[in-house]
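Asker: Take a look at the following structure, please.
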Amino acid sequence: MADWTLDPSDGELQLRTGVRGRAARMGHRLTIAMTRWRATVTWSGRDPATAELSVETDSLEVLRGEGGVKGLSGPEKTVIRSNAMKSLDAARFPRIRFLANVVEKSVTGYRLTGELEIRGMAREHVIDLRAEDLGDSWRMSAESTVRQSDYGIKPYSLLMGSLQVADDVTVSFTAVHAKND
C-alpha cells in the first residue's frame, strides 16, 4: 500500500480549552483550529507502520468561545491568538510534532505510541485513533489530552490568577482518506 499524506483538505485538527479559578464563569472555553498541518502514514504491507503529524504553530485560529460574560469579538480573538503565540513561543518553535513509531491494532482502530514535541520539549504520548470503514474510504478520529505544563507552557491567567486557562487541553483530529490514494 502507498504511504498516505493528509492535510486540512482531508479533515480538521482542533483544540478545546477549559477555564478554572474563582472567576472561571467569566472566562470562555475556547475552540481553536490549527489550519496548517500535515500527517503522513507509512505502511508495511497492509498495516500502518508509522504516523507523523507536523503542525505550524502560528496557524492557530480562534473559532469561538463558549461561556463567559459576553461573546467573543474579533479583536478579542486577535488578543487571544497573540497570547497563545507568546505562550507557545511560536517564533522560536514554529512546529509542533507528533511521531508515532509504534502503531498497534486495537478494537476500534489503532493505538499510536510515540513522541509529542511542543516548544522544543518532547514527551511520550499515546493516541487512540478510531478508524471507520466507509467502503471506498476510511474515517479516522482521535481525541487526546495534552497538559500544557508538561511542555513548559504556563497556562494564561488574568485577574491575579482568579481566571485561568485550564492546564489540560483537548486535541481532536478527524479526517477521511480514500483507500486507493
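The values are calculated or read from the model by the stated rules, or taken from the named source; none is laboratory data. Note that the coordinates shown come from a computational prediction; the quantities given were computed from them, not determined experimentally. Note: ideal-geometry Cβ built from the backbone for every residue, glycine included; neighbour counts use all protein chains shown. In case anyone asks, the SASA skips ligands and DNA or RNA and just uses the protein heavy atoms, side chains included. Shrake-Rupley method; radii C 1.70, N 1.55, O 1.52, S 1.80 Å.
Asker: Is the shape of region 67-147 rounded, prolate or oblate, going by the alpha carbon gyration tensor and its root eigenvalues a ≥ b ≥ c, with a/c under 1.5 for rounded and a/b larger than b/c for prolate? List each step's numbers first, then the result.
Answerer: Details: a/c = 2.85, a/b = 1.55, b/c = 1.83.
Oblate, because a/c is 1.5 or more while a/b does not exceed b/c.
Asker: Just one of [x] 29, 17, 14; [y] 27, 20, 14; [z] 32, 17, 15 is semi-axes √(5λ) of the Cα gyration tensor in Å calculated from these coordinates, so which is it?
Answerer: Computed from these coordinates, semi-axes √(5λ) of the Cα gyration tensor in Å corresponds to label [z].
Asker: For the chain, what is the accessible area per residue in Å² when the probe is 1.4 Å?
Answerer: Accessible surface, normalised per residue, equals 57 Å².
Asker: Grab the DSSP H runs of the chain that are 4 residues or longer, score each as -39,500 (n - 2.57), total them, divide by all residues and round the 222 nm result to the nearest 500 deg cm²/dmol. Present the calculation step by step, with values, prior to reporting the outcome.
Answerer: Values: 1 runs with 15 residues, N = 181.
Estimated from H runs of four or more residues: -2500 deg cm²/dmol.
Asker: While we're looking at this one, here's another question. Accessible area of the chain with a 1.4 Å probe: how many percent of it is carbon plus sulfur?
Answerer: 50 percent
Asker: With each pseudo-label sitting 7 Å past Cα toward Cβ, what's the R130-T170 distance in nm, one decimal?
Answerer: Taking the two extended label points, one gets 1.2 nm.
Asker: Using Cα positions and a limit of under 15 Å, work out the aspartates and glutamates in reach of K179, with same-chain residues fewer than 8 apart set aside.
Answerer: D3, D10, D47, E132, D133, D136
Asker: Can you return the aspartates and glutamates within cross-link range of K86? Criterion is Cα-Cα under 19 Å, with same-chain partners fewer than 8 residues away left out.
Answerer: E56, D58, E61, E76, E117, D150, D167, D168
Asker: Let me ask another. Going highest first, how would you order 47-57, 75-85 by mean Cβ packing within 10 Å?
Answerer: Working: 47-57: 17.9, 75-85: 14.4.
My ranking of the peptides, most packed first, is 47-57, 75-85.
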